[in-house]
Amino acid sequence: MDGALNSAQQALDSENWSKAVELYDLILEETPANFEALNNRGYALQQLGQYKRALADFNRAIELNPNYAIAFNNRGRTWSQLGNEQKAIEDFSQSLKVNPKSAAALNNRGCAYSNIGASKEAIRDFDRAIKLDSKNSNFYWNRAQAFKVLGNKRAYNKDIERSKH
């Protein structure tokens with residue numbers, strides 16, 4: 001089983017989404033309660049645009065392990081891709097309850113807030129994400145977009161510059 005898990009992870013890491021799904025299918029036939037495999041297959045399905053199947057895998061992973069922050073974060077990203085920002089925000093918030101130091105979940109929730117026009121809330125989350133990972137240029141770019149919406153040109157320009165490094 002370790003060989004299959006390694007192969008599936010390699011497919012995921014190399015962004016060979018179809019191969020990853022195929023390999024996780026085999027793993028889950030043997031170990032259907034493997035919440036990490038469900039999450040990873042869900043992530044690959046999400047990348048393939050198969051959002052309903054991805055949601056089913058994330059739901060099952062969360063059912064098996066309600067403290068699996070990564071699955072909440074991934075499900076939130078899927079909800080956001082489907083345009084349901086409220087459900088996305090709920091999942092990112094749940095991910096943060098389990099893992100308050102997840103810069104990814106903070107950034108993702110900030111993006112969801114931005115998508116519904118809640119720029120101040122978005123900036124708050126981007127600020128926290130940047131405190132946790134100040135080298136991630138995407139966080140600065142995302143915060144810059146929220147500053148732009150609020151008309152704060154100085155902060156926008158400053159973050160745009162930071163996002164280039």
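Measuring max minus min along each principal axis, the C-alpha atoms of the stretch 1-155 give extents of 55, 27, 26 Å (largest first). The ranking of PHE147, PHE139 from fewest to most other beta carbons within 10 Å of each one's beta carbon is PHE147, PHE139. Of LYS101/LYS148; LYS19/LYS52; LYS101/LYS135; LYS97/LYS131; LYS19/LYS164; LYS97/LYS120, which pairs sit farther than 23 Å apart, going by alpha carbon to alpha carbon? Flagged as over cut-off: LYS101/LYS148; LYS19/LYS164. Within the chain, the longest run free of trypsin sites (Lys or Arg not before Pro) that sit in a DSSP loop with at most 10 other Cβ atoms within 10 Å is 1-134. The share of alpha-carbon pairs in the stretch 74-131 lying farther apart than 17 Å comes to 26%.
Relative to one another, the C-alpha centroids of the stretch 88-165 and the stretch 4-55 are positioned 28 Å apart.
Across the chain, the relative contact order, built from alpha-carbon pairs under 8 Å that are at least six residues apart, equals 12 percent. Relative to the current alpha-carbon distance between ALA56 and ASN152, full extension at 0.36 nm per residue lengthens the span by 30.5 nm. Projected label points at ASN115 and SER93, each 7 Å from Cα along the beta carbon direction, are separated by 1.6 nanometres.
Each reported figure results from applying straightforward, stated rules to the coordinates on display, with no laboratory input. Source: prediction; values computed, not measured. Neighbour counts run over all protein chains shown; Cβ positions are idealised from the backbone, glycine included.
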